[in-house]
1. Does region 70-109 come out rounded, prolate or oblate by the C-alpha gyration tensor, with a ≥ b ≥ c the root eigenvalues, rounded set by a/c under 1.5 and, if not, prolate when a/b is larger than b/c and oblate if not?
2. Assuming R0 = 56 Å, what is the FRET efficiency of Leu562 and Lys28, from their Cβ-Cβ distance, to the nearest 0.05?
3. Measure out, as a whole number of angstrom, how far apart the alpha-carbon centroids of region 485-523 and region 166-209 sit.
4. What is the set of long-range amide H partners of Ala124 at a cut-off below 5 Å, with H atoms built 1.01 Å from backbone N?
5. Suppose every K and R has +1 on its Cβ and every D and E has -1 on its Cβ; what is the size of the dipole of the chain about the Cα centre, in Debye to the nearest 20?
6. May I ask you to sort Glu97, Glu559 by Cβ crowding, counting other Cβ atoms within 10 Å and putting the fewest first?
7. What are the ³J(HN,Hα) couplings of region 346-363, residue after residue, when phi is run through the Karplus curve with 6.51, -1.76, 1.60 and θ = phi - 60°? Round to Hz, x for glycine and proline.
8. In terms of modelled amide H atoms, which long-range or inter-chain residues lie less than 5 Å from the amide H of Tyr213?
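Just so you know, all these numbers are worked out from the coordinates, no wet-lab data involved. Values in this document were obtained by computation on a predicted structure and should not be read as measured data. Because the Cβ atoms are built from the backbone with ideal geometry, glycine has one as well, and the counts that use them run over all protein chains shown.
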Amino acid sequence: MKLVTLPSVKGDYNLKSYEDMYTSFDWKDVEREFSWSETGKVNMAYEAIDRHANTFRKNKVALYYRDETRNEKYTFKEMKDLSNKAGNVFKAYGNVEKGDRVFIFMPRSPELYIATLGAIKLGAIVGPLFEAFMEGAVKDRLEDSEAKVLVTTPELLKRVPVDQLPALKTIFIVGSDIEEDDKYLDFLKYVKTASKDLEIEWVDRTDGLILHYTSGSTGKPKGVLHVHNAMIQQYQTAKWVLDLQEEDIYWCTADPGWVTGTSYGIFGPWLTGTSNVIVGGRFKPEDWYKTIEDFSVTVWYSAPTAFRMLMGAGDEIIKKFDLSCLRHVLSVGEPLNPEVIRWGMKVFNKRIHDTWWMTETGAHLICNYPCMEIKPGSMGKPIPGVEAAIIDDQGNELPPNRMGNLAIKKGWPSMMHTIWNNQAKYDSYFFPSGWYVSGDSAYMDEDGYFWFQGRVDDVIMTSGERVGPFEVESKLLEHPAVAEAGVIGKPDPVRGEIIKAFVALLEGYEESDELKGEIRQFVKTGLAAHAAPREIEFRDKLPKTRSGKIMRRVLKAWELDLPTGDLSTMED
Ligand code: PRX
């Protein structure tokens with residue numbers, strides 16, 4: 001097979017030729033790196049796992065897994081066999097067929113990855129759910145997607161309102177002592193005896209692969225559908241931006257419930273045949289450093305909140321570990337403060353490389369790739385094959401140094417395919433001229449570097465997680481004491497933003513700290529811990545438009561002591 005001879009990015013790669021590549025690069029050339037360019041048979045799981053299992057990488061470790069009780073490793077060949085077995089189980093006992101939605105709701109574990117790959121091998125669309133989701137969040141997603149099969153654990157099953165989900169036919173439970181019946185099946189029992197030969201379902205490049213629910217400023221979370229074609233860009237950016245090379249040990253700290261945990265926690269590293277470290281359990285600075293040391297992690301992908309928490313834990317802890325294995329460190333999800341970059345230089349002797357992209361975009365778009373000069377505070381430049389610009393509200397391109405909407409020209413391979421059940425929403429992301437509007441505001445400097453300024457809408461980024469204020473407000477309104485609720489992101493030095501709720505109480509309820517705690521707990525158990533407001537402030541009345549919409553802009557101005565701006569639409 002002919003391989004494209006794109007230069008491998010060694011960190012010492014010369015920027016000038018990179019600039020040349022920007023003009024000559026064509027995504028079509030990358031297609032030749034996949035086996036389907038010759039065979040015509042497309043399937044992400046085949047490209048990510050099986051292809052390597054048939055080469056010199058057969059006995060190379062694909063997955064290192066560790067948590068409080070387990071410490072395991074799996075080669076590419078083992079991952080191939082196990083995911084085939086999982087595929088056979090889904091087919092035989094869950095009647096899973098191409099296009100069916102298979103949701104996976106469990107903490108990180110090898111089984112999560114094996115189940116995901118097995119379902120993909122059948123052409124199913126996988127919906128990964130973050131383990132912290134509570135009943136309301138789980139129900140919304142399973143209902144909207146009409147999931148047919150769910151894989152979960154006995155513990156998390158308690159949060160699945162099965163009777164309210166008529167489309168859900170089979171639930172595979174991963175655990176021990178499972179009581180089975182027609183609907184509830186013991187996953188591991190069947191995997192154990194299943195055949196390791198599976199007929200893979202070959203798909204079209206535009207067939208569904210993964211469904212990630214994400215938040216906007218209005219409405220419930222929406223299902224962003226990615227398709228197999230995304231592999232082109234995930235592979236290429238894993239090479240260029242993550243700089244993954246044969247001998248690397250790679251660790252992405254994101255959970256597959258979020259897009260970073262699939263695009264770069266599953267697909268990117270395995271498409272490039274890289275050894276992937278997965279760690280379960282809670283965040284503890286010592287454990288994180290120990291992970292780097294124990295696995296000799298060379299490439300590490302994390303998020304600003306995590307770096308800031310490590311920074312806050314102090315440099316004394318770092319001295320206990322040998323982190324000299326680290327070669328390349330990257331960040332995503334929120335603005336990366338120059339202060340954090342300086343800290344990274346001091347403690348790891350590495351510049352942390354920022355990357356910008358979104359759930360909707362499926363893969364990296366604007367990045368600091370290893371060969372580039374970093375301007376601390378900038379997200380970097382568009383990768384070759386991606387055209388980015390700052391546009392005004394009419395879709396006109398703005399000159400350098402003018403703030404506006406960060407937009408990307410349609411046509412990058414990993415772009416979402418649709419919004420599940422909501423094509424109109426999908427269409428609303430685009431200008432007729434072909435610009436995808438990100439919802440972020442930014443400017444571009446005269447050297448072509450992009451600088452993030454904030455969200456245009458009310459979306460909150462807290463600890464790198466994207467939370468829609470509407471979802472939180474809706475949950476708050478379900479609390480018996482709450483008459484009105486408005487939710488904003490409040491700047492926070494560690495978490496980027498925290499969620500702050502303004503609440504007006506119904507007649508007969510007294511303001512108290514106890515009630516605040518109760519309301520907070522209500523959101524925590526109904527939605528998710530990360531979506532619960534850290535601060536609640538009671539107000540007699542909230543600012544509303546004449547049509548009754550809470551004016552979050554005014555709440556934010558109150559909070560930050562800023563001018564409230566135009567109040568002409570506010571009710572009396
Ligand atoms: O506001 C931007 C912020 O995260 C948003 C996308 O969130 P999500 O879809 O959850 O995906 C996060 C991980 C891919 C963006 O609209 N964001 C992402 N990366 C950066 C960022 N903000 C500043 N700097 C970044 N590098």
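1. Working: a/c = 2.73, a/b = 1.53, b/c = 1.79.
Note, shape of region 70-109 comes out oblate.
2. Step by step, r from the Cβ atoms, then E = 0.70.
3. Measuring centre to centre over Cα atoms gives 41 Å.
4. Gly99
5. Working: 70 positive and 86 negative charges, 240 e Å.
Its charge dipole is roughly 1160 debye.
6. Numbers: Glu97 13, Glu559 16.
Starting with the residue having the fewest Cβ neighbours, the order is Glu97, Glu559.
7. Working through the residues one at a time gives 5, 8, 10, 6, 9, 7, 7, 9, 7, 9, 10, 5, 9, 3, 5, 8, x, 7 Hz.
8. HN-HN under 5 Å from Tyr213: Val224.
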